[in-house]
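In what follows, a structure is listed as C-alpha coordinates, so that the remarks can point back to it.
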Amino acid sequence: MRLITISHLKQLIRETGMDHFLRQNLASLEAAFGRWDEFRKSPRHATHYPQGVIELMPCADEEFYSFKYVNGHPKNTAAGRLSVVALGMLANARNGYPLMLSEMTLLTAIRTASTTALGAKYLARPESRHLALIGTGAQAEFQLLALRQVLPIEQVSYFDTDPRAMGKFARNMAGYATLIPCNSIDAALTDSDVVVTATAARQHNRLLGPGMIPPGSHIHAMGGDCPGKTELDPALLAQCRIVVEYLPQSLEEGEIQLAKETPVHAELWELVNGDKPGRQDPGELTLFDSVGFALEDFAILQLVYQLACDLNIGEEVDLIPSPADPKDLYRVLFSPPSP
Ligand code: NAD
(Lines give C-alpha, C1' and ligand atoms only; values in the text may rest on other atoms or scores of the structure.)
Protein backbone atom coordinates (compact mmCIF):
# COMPACT_ATOMS: atom_id res chain seq x y z
CA MET A 1 0.00 0.00 0.00
CA ARG A 2 1.26 3.42 -0.96
CA LEU A 3 1.61 6.11 1.69
CA ILE A 4 1.42 9.76 0.58
CA THR A 5 2.74 12.09 3.25
CA ILE A 6 2.86 15.88 3.10
CA SER A 7 6.46 15.65 1.79
CA HIS A 8 5.32 13.32 -0.99
CA LEU A 9 2.47 15.66 -1.91
CA LYS A 10 4.87 18.61 -2.02
CA GLN A 11 7.09 16.61 -4.37
CA LEU A 12 4.10 15.63 -6.53
CA ILE A 13 2.90 19.22 -6.84
CA ARG A 14 6.42 20.49 -7.47
CA GLU A 15 6.88 17.99 -10.31
CA THR A 16 3.38 18.55 -11.72
CA GLY A 17 3.15 22.33 -11.22
CA MET A 18 0.35 23.81 -9.09
CA ASP A 19 -1.63 25.29 -11.99
CA HIS A 20 -1.37 22.06 -13.96
CA PHE A 21 -2.38 20.03 -10.90
CA LEU A 22 -5.39 22.31 -10.35
CA ARG A 23 -6.43 21.93 -13.98
CA GLN A 24 -6.07 18.17 -13.74
CA ASN A 25 -8.14 18.15 -10.56
CA LEU A 26 -10.81 20.32 -12.18
CA ALA A 27 -10.95 17.92 -15.12
CA SER A 28 -11.12 14.83 -12.88
CA LEU A 29 -13.82 16.48 -10.77
CA GLU A 30 -15.90 17.43 -13.79
CA ALA A 31 -15.52 13.92 -15.22
CA ALA A 32 -16.61 12.41 -11.90
CA PHE A 33 -19.68 14.67 -11.58
CA GLY A 34 -20.39 13.83 -15.24
CA ARG A 35 -20.82 10.14 -14.39
CA TRP A 36 -22.87 10.78 -11.26
CA ASP A 37 -25.12 7.74 -11.71
CA GLU A 38 -22.14 5.36 -11.60
CA PHE A 39 -21.30 6.27 -8.00
CA ARG A 40 -22.56 4.81 -4.76
CA LYS A 41 -23.36 7.88 -2.72
CA SER A 42 -24.52 8.63 0.78
CA PRO A 43 -24.58 11.67 3.05
CA ARG A 44 -21.46 11.74 5.22
CA HIS A 45 -21.49 10.28 8.71
CA ALA A 46 -21.09 13.15 11.17
CA THR A 47 -20.30 12.89 14.88
CA HIS A 48 -21.07 16.21 16.51
CA TYR A 49 -19.45 17.73 19.59
CA PRO A 50 -20.18 21.13 21.14
CA GLN A 51 -16.82 22.35 19.81
CA GLY A 52 -16.92 20.79 16.33
CA VAL A 53 -17.59 17.79 14.16
CA ILE A 54 -15.76 14.67 12.97
CA GLU A 55 -16.96 13.16 9.70
CA LEU A 56 -16.44 10.06 7.58
CA MET A 57 -17.07 10.56 3.87
CA PRO A 58 -17.30 7.46 1.65
CA CYS A 59 -17.83 7.27 -2.10
CA ALA A 60 -17.34 4.42 -4.59
CA ASP A 61 -17.69 3.25 -8.15
CA GLU A 62 -17.12 -0.26 -9.50
CA GLU A 63 -13.34 0.17 -9.56
CA PHE A 64 -12.41 2.26 -6.53
CA TYR A 65 -13.72 2.92 -3.02
CA SER A 66 -12.61 6.03 -1.14
CA PHE A 67 -13.24 7.57 2.22
CA LYS A 68 -12.02 10.59 4.11
CA TYR A 69 -11.72 11.28 7.82
CA VAL A 70 -12.16 15.03 8.36
CA ASN A 71 -12.95 17.36 11.22
CA GLY A 72 -14.27 20.89 11.58
CA HIS A 73 -13.30 22.66 14.82
CA PRO A 74 -13.62 26.44 14.29
CA LYS A 75 -11.98 27.36 17.59
CA ASN A 76 -8.85 25.29 16.92
CA THR A 77 -6.96 28.18 15.34
CA ALA A 78 -7.00 30.12 18.62
CA ALA A 79 -4.92 27.25 20.07
CA GLY A 80 -2.56 27.16 17.09
CA ARG A 81 -4.25 24.23 15.33
CA LEU A 82 -5.94 24.01 11.94
CA SER A 83 -9.77 24.12 11.88
CA VAL A 84 -9.85 21.32 9.32
CA VAL A 85 -7.51 18.30 9.08
CA ALA A 86 -8.07 15.14 7.08
CA LEU A 87 -6.78 11.73 6.03
CA GLY A 88 -7.93 9.91 2.89
CA MET A 89 -7.89 6.34 1.65
CA LEU A 90 -8.37 4.82 -1.78
CA ALA A 91 -9.06 1.09 -2.17
CA ASN A 92 -9.47 -1.40 -5.00
CA ALA A 93 -13.23 -2.06 -5.03
CA ARG A 94 -12.80 -5.41 -6.83
CA ASN A 95 -10.88 -7.08 -4.02
CA GLY A 96 -11.24 -4.55 -1.19
CA TYR A 97 -7.49 -4.07 -0.77
CA PRO A 98 -6.41 -0.55 0.23
CA LEU A 99 -4.21 1.05 -2.44
CA MET A 100 -3.25 4.36 -0.86
CA LEU A 101 -3.41 6.19 2.45
CA SER A 102 -2.90 9.91 1.96
CA GLU A 103 -2.56 13.16 3.81
CA MET A 104 -5.74 14.96 2.97
CA THR A 105 -5.70 18.32 4.73
CA LEU A 106 -4.02 19.98 1.74
CA LEU A 107 -5.93 17.82 -0.71
CA THR A 108 -9.19 18.92 0.93
CA ALA A 109 -8.27 22.57 0.43
CA ILE A 110 -7.39 21.87 -3.21
CA ARG A 111 -10.45 19.77 -4.01
CA THR A 112 -12.69 22.31 -2.24
CA ALA A 113 -11.21 25.10 -4.34
CA SER A 114 -11.60 23.04 -7.51
CA THR A 115 -15.27 22.51 -6.61
CA THR A 116 -15.65 26.28 -6.21
CA ALA A 117 -14.11 26.70 -9.67
CA LEU A 118 -16.34 24.05 -11.22
CA GLY A 119 -19.45 25.72 -9.83
CA ALA A 120 -18.24 29.14 -10.99
CA LYS A 121 -17.61 27.82 -14.48
CA TYR A 122 -21.34 27.18 -14.84
CA LEU A 123 -22.77 29.89 -12.60
CA ALA A 124 -20.54 32.99 -12.69
CA ARG A 125 -20.54 35.47 -15.54
CA PRO A 126 -17.61 34.36 -17.74
CA GLU A 127 -16.13 37.86 -17.70
CA SER A 128 -16.01 37.93 -13.84
CA ARG A 129 -12.85 39.80 -12.85
CA HIS A 130 -13.44 40.85 -9.28
CA LEU A 131 -13.49 38.34 -6.42
CA ALA A 132 -14.71 39.24 -2.94
CA LEU A 133 -13.35 36.86 -0.33
CA ILE A 134 -14.91 36.82 3.14
CA GLY A 135 -12.68 34.83 5.47
CA THR A 136 -8.97 34.50 4.65
CA GLY A 137 -8.08 31.45 6.72
CA ALA A 138 -6.49 28.19 5.60
CA GLN A 139 -8.70 27.66 2.52
CA ALA A 140 -8.46 31.20 1.10
CA GLU A 141 -5.38 31.07 -1.16
CA PHE A 142 -6.50 27.84 -2.78
CA GLN A 143 -9.84 29.47 -3.64
CA LEU A 144 -8.14 32.23 -5.61
CA LEU A 145 -5.69 29.87 -7.34
CA ALA A 146 -8.51 27.59 -8.51
CA LEU A 147 -10.91 30.35 -9.56
CA ARG A 148 -8.15 31.79 -11.76
CA GLN A 149 -8.30 28.58 -13.78
CA VAL A 150 -11.86 29.32 -14.95
CA LEU A 151 -12.36 33.09 -14.63
CA PRO A 152 -10.19 36.12 -15.57
CA ILE A 153 -9.85 37.25 -11.91
CA GLU A 154 -7.79 40.44 -11.70
CA GLN A 155 -8.85 41.92 -8.35
CA VAL A 156 -9.52 40.42 -4.94
CA SER A 157 -11.23 42.41 -2.19
CA TYR A 158 -10.98 40.58 1.10
CA PHE A 159 -12.13 40.85 4.68
CA ASP A 160 -11.47 38.77 7.77
CA THR A 161 -12.24 39.61 11.38
CA ASP A 162 -8.63 38.61 12.11
CA PRO A 163 -6.16 41.17 10.67
CA ARG A 164 -3.33 38.61 10.88
CA ALA A 165 -5.25 36.29 8.54
CA MET A 166 -5.62 39.20 6.09
CA GLY A 167 -1.89 39.96 6.29
CA LYS A 168 -1.04 36.31 5.69
CA PHE A 169 -3.33 36.21 2.63
CA ALA A 170 -1.73 39.38 1.23
CA ARG A 171 1.78 37.97 1.64
CA ASN A 172 0.93 34.62 0.05
CA MET A 173 -1.08 36.00 -2.86
CA ALA A 174 1.04 39.02 -3.81
CA GLY A 175 1.41 39.02 -7.58
CA TYR A 176 -1.59 36.78 -8.31
CA ALA A 177 -4.10 39.64 -8.50
CA THR A 178 -4.58 43.22 -7.35
CA LEU A 179 -5.27 42.73 -3.65
CA ILE A 180 -7.64 45.13 -1.88
CA PRO A 181 -7.81 44.73 1.92
CA CYS A 182 -11.20 45.87 3.27
CA ASN A 183 -12.41 46.77 6.73
CA SER A 184 -15.93 45.37 6.32
CA ILE A 185 -17.88 42.83 4.31
CA ASP A 186 -19.82 45.63 2.60
CA ALA A 187 -16.58 47.25 1.45
CA ALA A 188 -15.32 43.92 0.08
CA LEU A 189 -18.52 43.41 -1.90
CA THR A 190 -18.30 46.74 -3.77
CA ASP A 191 -18.20 46.05 -7.54
CA SER A 192 -17.53 42.34 -6.99
CA ASP A 193 -18.52 39.69 -9.54
CA VAL A 194 -17.94 36.58 -7.44
CA VAL A 195 -18.23 36.31 -3.65
CA VAL A 196 -16.73 33.43 -1.67
CA THR A 197 -17.64 33.08 1.99
CA ALA A 198 -15.07 30.90 3.76
CA THR A 199 -15.50 31.73 7.42
CA ALA A 200 -15.46 29.32 10.35
CA ALA A 201 -17.92 29.80 13.20
CA ARG A 202 -20.25 27.28 14.75
CA GLN A 203 -23.37 29.45 14.61
CA HIS A 204 -25.96 30.90 12.25
CA ASN A 205 -24.22 33.96 10.81
CA ARG A 206 -25.66 36.54 8.43
CA LEU A 207 -22.57 37.68 6.56
CA LEU A 208 -24.54 38.37 3.37
CA GLY A 209 -28.16 39.47 3.12
CA PRO A 210 -30.66 40.82 0.60
CA GLY A 211 -29.59 44.08 -1.02
CA MET A 212 -25.89 43.64 -0.21
CA ILE A 213 -24.75 41.84 -3.34
CA PRO A 214 -24.25 43.53 -6.75
CA PRO A 215 -26.73 42.19 -9.35
CA GLY A 216 -25.30 39.44 -11.55
CA SER A 217 -22.99 38.16 -8.81
CA HIS A 218 -22.19 34.55 -8.17
CA ILE A 219 -22.02 33.61 -4.48
CA HIS A 220 -20.05 30.58 -3.38
CA ALA A 221 -20.94 29.83 0.26
CA MET A 222 -18.59 27.16 1.61
CA GLY A 223 -18.17 27.91 5.31
CA GLY A 224 -21.70 26.82 6.23
CA ASP A 225 -21.28 23.06 6.13
CA CYS A 226 -22.85 21.63 9.27
CA PRO A 227 -26.18 21.64 11.08
CA GLY A 228 -26.22 24.91 13.06
CA LYS A 229 -23.34 26.44 11.02
CA THR A 230 -24.43 28.82 8.26
CA GLU A 231 -23.17 32.08 6.76
CA LEU A 232 -26.06 33.69 4.87
CA ASP A 233 -29.29 35.43 5.79
CA PRO A 234 -31.93 32.87 4.74
CA ALA A 235 -33.91 35.71 3.11
CA LEU A 236 -31.11 36.01 0.52
CA LEU A 237 -31.65 32.47 -0.68
CA ALA A 238 -35.07 33.22 -2.17
CA GLN A 239 -33.37 35.76 -4.48
CA CYS A 240 -30.83 33.29 -5.85
CA ARG A 241 -30.67 30.48 -8.37
CA ILE A 242 -29.39 27.79 -5.99
CA VAL A 243 -27.16 24.86 -6.86
CA VAL A 244 -25.98 22.22 -4.38
CA GLU A 245 -23.75 19.15 -4.53
CA TYR A 246 -25.98 16.40 -3.14
CA LEU A 247 -29.40 17.48 -1.94
CA PRO A 248 -29.92 14.92 0.88
CA GLN A 249 -26.70 16.13 2.54
CA SER A 250 -27.13 19.82 1.69
CA LEU A 251 -30.61 19.95 3.23
CA GLU A 252 -29.06 19.05 6.57
CA GLU A 253 -25.75 20.90 6.32
CA GLY A 254 -26.00 23.73 3.79
CA GLU A 255 -27.42 27.23 3.86
CA ILE A 256 -30.74 25.70 2.81
CA GLN A 257 -31.04 23.99 6.20
CA LEU A 258 -32.66 27.30 7.29
CA ALA A 259 -34.83 27.66 4.16
CA LYS A 260 -35.81 24.12 3.22
CA GLU A 261 -38.83 25.36 1.27
CA THR A 262 -36.67 27.49 -1.06
CA PRO A 263 -36.51 25.93 -4.54
CA VAL A 264 -33.16 24.39 -5.42
CA HIS A 265 -32.43 24.73 -9.13
CA ALA A 266 -30.05 21.78 -9.53
CA GLU A 267 -27.39 19.50 -8.16
CA LEU A 268 -24.01 20.32 -9.70
CA TRP A 269 -23.89 17.13 -11.80
CA GLU A 270 -27.02 18.26 -13.68
CA LEU A 271 -25.17 21.38 -14.88
CA VAL A 272 -22.09 19.35 -15.82
CA ASN A 273 -24.24 16.89 -17.81
CA GLY A 274 -26.19 19.67 -19.51
CA ASP A 275 -29.46 18.37 -18.04
CA LYS A 276 -30.12 21.80 -16.56
CA PRO A 277 -28.73 25.22 -17.50
CA GLY A 278 -26.30 27.11 -15.30
CA ARG A 279 -26.57 30.90 -15.22
CA GLN A 280 -29.39 32.05 -17.47
CA ASP A 281 -29.34 35.81 -17.08
CA PRO A 282 -26.36 38.19 -16.62
CA GLY A 283 -28.32 40.08 -13.94
CA GLU A 284 -29.37 37.16 -11.76
CA LEU A 285 -27.84 36.12 -8.45
CA THR A 286 -26.53 32.59 -8.38
CA LEU A 287 -25.58 30.66 -5.25
CA PHE A 288 -23.54 27.51 -4.96
CA ASP A 289 -24.46 26.30 -1.47
CA SER A 290 -21.41 24.07 -1.04
CA VAL A 291 -20.89 21.76 1.92
CA GLY A 292 -18.26 19.39 0.49
CA PHE A 293 -19.20 16.02 -0.93
CA ALA A 294 -17.35 12.69 -0.88
CA LEU A 295 -17.21 12.51 -4.69
CA GLU A 296 -14.81 15.48 -4.57
CA ASP A 297 -12.48 13.46 -2.33
CA PHE A 298 -12.81 10.43 -4.58
CA ALA A 299 -11.80 12.45 -7.66
CA ILE A 300 -8.66 13.94 -6.11
CA LEU A 301 -7.57 10.70 -4.41
CA GLN A 302 -7.86 8.86 -7.71
CA LEU A 303 -5.86 11.60 -9.44
CA VAL A 304 -3.14 11.60 -6.78
CA TYR A 305 -2.91 7.81 -6.93
CA GLN A 306 -2.44 7.87 -10.70
CA LEU A 307 0.17 10.63 -10.54
CA ALA A 308 1.99 8.99 -7.62
CA CYS A 309 2.22 5.72 -9.59
CA ASP A 310 3.29 7.49 -12.81
CA LEU A 311 5.92 9.65 -11.07
CA ASN A 312 6.94 6.96 -8.59
CA ILE A 313 6.15 9.15 -5.59
CA GLY A 314 5.19 7.83 -2.16
CA GLU A 315 6.34 5.04 0.04
CA GLU A 316 5.24 1.41 0.08
CA VAL A 317 4.32 0.54 3.68
CA ASP A 318 3.42 -2.84 5.13
CA LEU A 319 0.00 -2.10 6.55
CA ILE A 320 -1.70 -5.02 4.80
CA PRO A 321 -0.38 -8.55 5.50
CA SER A 322 0.51 -10.74 2.53
CA PRO A 323 1.01 -14.29 3.87
CA ALA A 324 2.16 -16.97 1.42
CA ASP A 325 -0.99 -18.92 2.33
CA PRO A 326 -3.94 -16.50 2.62
CA LYS A 327 -5.54 -18.83 5.18
CA ASP A 328 -2.43 -18.74 7.36
CA LEU A 329 -2.63 -15.25 8.86
CA TYR A 330 -1.16 -16.60 12.11
CA ARG A 331 2.14 -17.19 10.34
CA VAL A 332 2.55 -13.45 9.77
CA LEU A 333 3.12 -13.07 13.52
CA PHE A 334 4.44 -16.46 14.62
CA SER A 335 6.40 -19.32 13.15
CA PRO A 336 5.24 -22.84 14.03
CA PRO A 337 7.31 -24.41 16.84
CA SER A 338 10.21 -26.48 15.56
CA PRO A 339 9.50 -30.24 15.69
P1 NAD B 1 -9.97 28.84 9.20
O2 NAD B 1 -10.37 28.73 10.61
O3 NAD B 1 -8.55 28.62 8.84
O4 NAD B 1 -10.37 30.27 8.61
C5 NAD B 1 -11.63 30.85 8.82
C6 NAD B 1 -11.45 32.37 8.85
O7 NAD B 1 -12.76 32.95 8.97
C8 NAD B 1 -10.63 32.86 10.03
O9 NAD B 1 -9.51 33.58 9.56
C10 NAD B 1 -11.59 33.72 10.82
O11 NAD B 1 -10.97 34.83 11.41
C12 NAD B 1 -12.56 34.14 9.73
N13 NAD B 1 -13.88 34.60 10.21
C14 NAD B 1 -14.65 34.04 11.16
N15 NAD B 1 -15.80 34.75 11.29
C16 NAD B 1 -15.73 35.76 10.39
C17 NAD B 1 -16.60 36.81 10.02
N18 NAD B 1 -17.77 36.97 10.63
N19 NAD B 1 -16.23 37.66 9.03
C20 NAD B 1 -15.02 37.50 8.41
N21 NAD B 1 -14.16 36.52 8.73
C22 NAD B 1 -14.50 35.66 9.68
O23 NAD B 1 -10.91 27.83 8.38
P24 NAD B 1 -10.68 27.25 6.91
O25 NAD B 1 -9.96 25.97 6.95
O26 NAD B 1 -10.20 28.35 6.03
O27 NAD B 1 -12.19 26.91 6.53
C28 NAD B 1 -13.12 27.93 6.29
C29 NAD B 1 -14.54 27.36 6.38
O30 NAD B 1 -14.75 26.50 5.26
C31 NAD B 1 -14.77 26.50 7.62
O32 NAD B 1 -16.05 26.79 8.12
C33 NAD B 1 -14.69 25.08 7.10
O34 NAD B 1 -15.45 24.19 7.88
C35 NAD B 1 -15.27 25.26 5.72
N36 NAD B 1 -14.87 24.27 4.73
C37 NAD B 1 -15.80 23.90 3.81
C38 NAD B 1 -15.47 23.01 2.82
C39 NAD B 1 -16.49 22.64 1.79
O40 NAD B 1 -16.25 21.71 1.01
N41 NAD B 1 -17.59 23.34 1.68
C42 NAD B 1 -14.19 22.44 2.78
C43 NAD B 1 -13.24 22.85 3.71
C44 NAD B 1 -13.60 23.78 4.70
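The values are calculated or read from the model by the stated rules, or taken from the named source; none is laboratory data. All values reported here derive from a predicted model rather than from experimental measurement. Backbone-built Cβ (ideal geometry, glycine too); neighbour counts: all protein chains shown. Just so you know, the surface numbers come from the protein's heavy atoms only, side chains and all, with ligands and any DNA or RNA stripped out. Shrake-Rupley method; radii C 1.70, N 1.55, O 1.52, S 1.80 Å.
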### Message
Which numbered condition in (1) within 13 Å of the ligand (Cβ to nearest atom); (2) open to solvent by 30 Å² or more (accessible area, probe 1.4 Å) is the only one that Gly211 fails?
### Response
(1)
### Selection status of Gln239, within 27 Å of Glu15 (Cβ to Cβ) and polar (S, T, N, Q)
no
### Message
Based on this model, can you work out whether Gln280 counts as over 25 Å from Cys59 (Cα atoms) and open to solvent by 40 Å² or more (accessible area, probe 1.4 Å)?
### Response
yes
### Task
Please indicate, with yes or no, whether at least one residue in segment 238-256 is of a type in the set (Ser, Thr, Tyr), open to solvent by less than 60 Å² (accessible area, probe 1.4 Å), touching a His at 6+ places or on another chain (Cβ under 6 Å) and not in a helix (DSSP H, G or I).
no
### Task
Being surrounded by fewer than 22 Cβ atoms within 10 Å (Cβ to Cβ) and within 12 Å of the ligand (Cβ to nearest atom) narrows it down to one of Gln143, Gln203, Gln155, so name that one.
Gln203
### Task
Would you mind stating whether Ala31 is out of contact with any Gly (no Cβ under 8 Å at 6 or more places or on another chain), farther than 27 Å from Arg148 by Cβ, open to solvent by 40 Å² or more (accessible area, probe 1.4 Å) and in contact (Cβ under 8 Å) with a residue 24 or more places away in the chain?
no
### Query
Does at least one position in segment 310-329 carry a residue that is surrounded by 10 or more Cβ atoms within 10 Å (Cβ to Cβ), modelled with pLDDT of 95 or more and within 16 Å of the ligand (Cβ to nearest atom)?
no
### Task
Test each condition in (1) open to solvent by 10 Å² or more (accessible area, probe 1.4 Å); (2) within 15 Å of the ligand (Cβ to nearest atom); (3) not in a loop (DSSP other than H, G, I, E, B) for Leu107 and report the one that comes out false.
(1)
### Query
Which residue pairs have Cβ atoms closer than 7 Å, lie 6 or more positions apart in sequence or on different chains, and pair a first residue in segment 88-113 that is touching a residue at least 24 places away in the same chain (Cβ under 8 Å) with a second residue that is open to solvent by 10 Å² or more (accessible area, probe 1.4 Å) and hydroxyl-bearing (Ser, Thr, Tyr)?
Leu90/Tyr305; Ala91/Tyr65; Ala91/Tyr97; Ala93/Tyr65; Leu99/Tyr305; Met100/Tyr305; Glu103/Thr5
